[in-house]
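Input: a single structure, listed below in structure tokens.
Only the coordinates and a few stated rules stand behind these numbers; no lab work does. Please read all numbers here as calculations on a predicted model, not as lab measurements. With ideal geometry, Cβ positions are generated from the backbone for all residues, glycine too; neighbour counts draw on all protein chains shown.
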Amino acid sequence: TEELFSRRQAHLAKPQKNYYEVPPQIERGWKEHMFDVEGRAYLDMVNNVTILGHGHPRLAEAIGEQWLRLNTNSRFHYAALSEFCERLAALAPDGLDRVFLVNSGSEANDLAIRLAGAHTGARNMLCLREAYHGWSVASDAVSTSIADNPQALATRPDWVHAVASPNTYRGEFRGPDSAGDYLTAMAPVLQSIDAGGQGLAGFIAESVYGNAGGISLPEGYLSEAYAQVRARGGVCIADEVQVGYGRLGHHFWGFQQQGVVPDIITIAKGMGNGHPLGAVITTQAIAGSLEKEGYFFSSSGGSPVSCVAGMTVLDVMVDEKLQDNARDVGDHLKSRLAALIDKHPIAGAVHGMGLYLGLEFVRDRTTLEPATQETAAICNRLLELGVIMQPTGDHLNVLKIKPPLCLTTESADFFADMLEKVLSEGW
Ligand code: PMP
């Protein structure tokens, strides 16, 4: 394993994030578990891509069968493309019925930002601090998370305008009723965009704050922010790459939790269960405006194999009731995590819903000093106990709990038990 890892280090281009100093060599997965080459099982509590679980036979068979029959691109006409676009449009709110198929979340957000520009004729984008939207040029430009890039805030291009992270736990304003304060703080940014005279292309945000640890935005935040953006002619992009598509259990989309309807939805990750798949869903008017810039074409986006993968994921989600499972097992797990707060001072808060949860560690519950090193050590100790878990947030002090949606109550309890054991070892 170590020799193989040094070969990886020799040729895999840097910077590339490694999650453990010498990670276990994982060569097999089944449902919410992964197995290393020595046969040791790990409970995978972070994989928000493999929503059906690892090694799903139905998906493997459907993809294999389609590969044998045909794989080409969307310049040709085949049933899977028509059917998948139709199904995605049916999942979106009324009026959002045009679909672009791409291969990743970065591509989806990049295209969404281009669409905003093409539709409005403006370039300025509003985004949130503590956000991650991808690695491509435009999606990286609106990514402000200092955990991913310590220079992020100092190096954004001039068309990017980041406003305060509406983090109701440790942000500038706190509590579920802080929307008004965050919107007041947004006003000068909007005024300076107005004064610049170049207009506002749009606003991009995760509609439940996944990168900050699954924190719900303050009540009413998105509806007023969307109104401000639309009043200036801008479009509103909901990045549903991690929080959407059933993971929240109580809602299929994150924006439903805020009671809003975006103009553009971006999805990826779980929609292909690991097969590279992403999509932008928007209105006919916004989609059509890209024509000013020529045709849209992606060589693999919307291929027969990709469409079959996407539809099989949707079928399995329905047949195995995975959104309901995310709600029920997620609610149970959240209550187990909430119980840790009463016993362990380091456990400051539990965020999120369904199977997108965050457990935030602090050194002091009044100052909220982030327990960053402790969080890394807790994750390492969890690995020893057979649980894959990683930190998120600007201070890397929040456990990002986003397992496959097939997680059983038994596995959720195993995770909570192991966490309790680690916390009882003293922090
Ligand atoms: N948006 C969000 C909210 C994400 O979490 C990610 C990936 N972590 C992306 C976009 C980018 O997706 P991808 O890695 O598929 O390009």
With the chain treated as a Gaussian network of Cα nodes joined by springs under 10 Å, which of Lys292, Lys31, Lys269 yields the largest mean-square fluctuation?
Lys292
Net charge dipole size for the range 57-319 [Lys, Arg +1 and Asp, Glu -1 on Cβ; Debye, nearest 20]
300 debye
Of all DSSP beta bridges having both residues in the chain, the percent classed as antiparallel (nearest 5) is 60 percent
Can you give the FRET efficiency to the nearest 0.05 for Arg7 and Ala164, using r as the Cβ-Cβ distance and R₀ = 60 Å?
0.85
Dipole check, the range 8-119, charges on Cβ (K,R +1; D,E -1), about Cα centroid: among Gly39, Ala13, Ala118 the Cα furthest to the positive pole belongs to Ala13
Using a Gaussian network model of the chain with C-alpha springs under 10 Å, which one of Val305, Val137, Val398 is most mobile by mean-square fluctuation?
Val137
Taking a ≥ b ≥ c as the square roots of the eigenvalues of the Cα gyration tensor of the chain, is the shape rounded (a/c under 1.5), prolate (a/b larger than b/c) or oblate?
oblate
Overall form of the range 242-331 per C-alpha gyration tensor (a/c, 1.5; a/b vs b/c)
oblate
Assuming a ≥ b ≥ c are the square roots of the Cα gyration tensor eigenvalues, decide whether the range 122-219 counts as rounded (a/c under 1.5), prolate (otherwise, with a/b larger than b/c) or oblate.
oblate
What spacing in nm lies between the two simple spin-label points modelled at Glu224 and Asp413, each 7 Å away from Cα in the Cβ direction?
4.4 nm
In the chain, which whole DSSP H runs stretch at least 20 Å along their own axis (Cα) and average 0.5 or higher on the Kyte-Doolittle scale?
179-196, 304-319
Which entries of Lys17/Lys421; Lys269/Lys292; Lys292/Lys400 have Cα-Cα distances beyond 32 Å here?
Lys292/Lys400
One finds the C-alpha centres of the range 29-53 and the range 343-415 to be spaced, in Å, by 18 Å
Based on the Cβ-Cβ distance from Arg75 to Asp315, what FRET efficiency comes out when R0 is 45 Å, to the nearest 0.05?
0.95
Quick one: among Pro262, Pro403, Pro23, which has the greatest mean-square fluctuation in a GNM of the chain with alpha-carbon springs under 10 angstrom?
Pro23
Measuring from centroid to centroid over Cα atoms, what is the spacing of the range 166-213 and the range 236-288 in Å?
20 Å
Once fully extended, how much extra length lies between Ala154 and Glu65, figured as 0.36 nm per residue of separation less the alpha-carbon to alpha-carbon distance?
27.1 nm
If contacts are Cα pairs under 8 angstrom and at least 6 residues apart, what is the relative contact order of the chain in percent?
22 percent
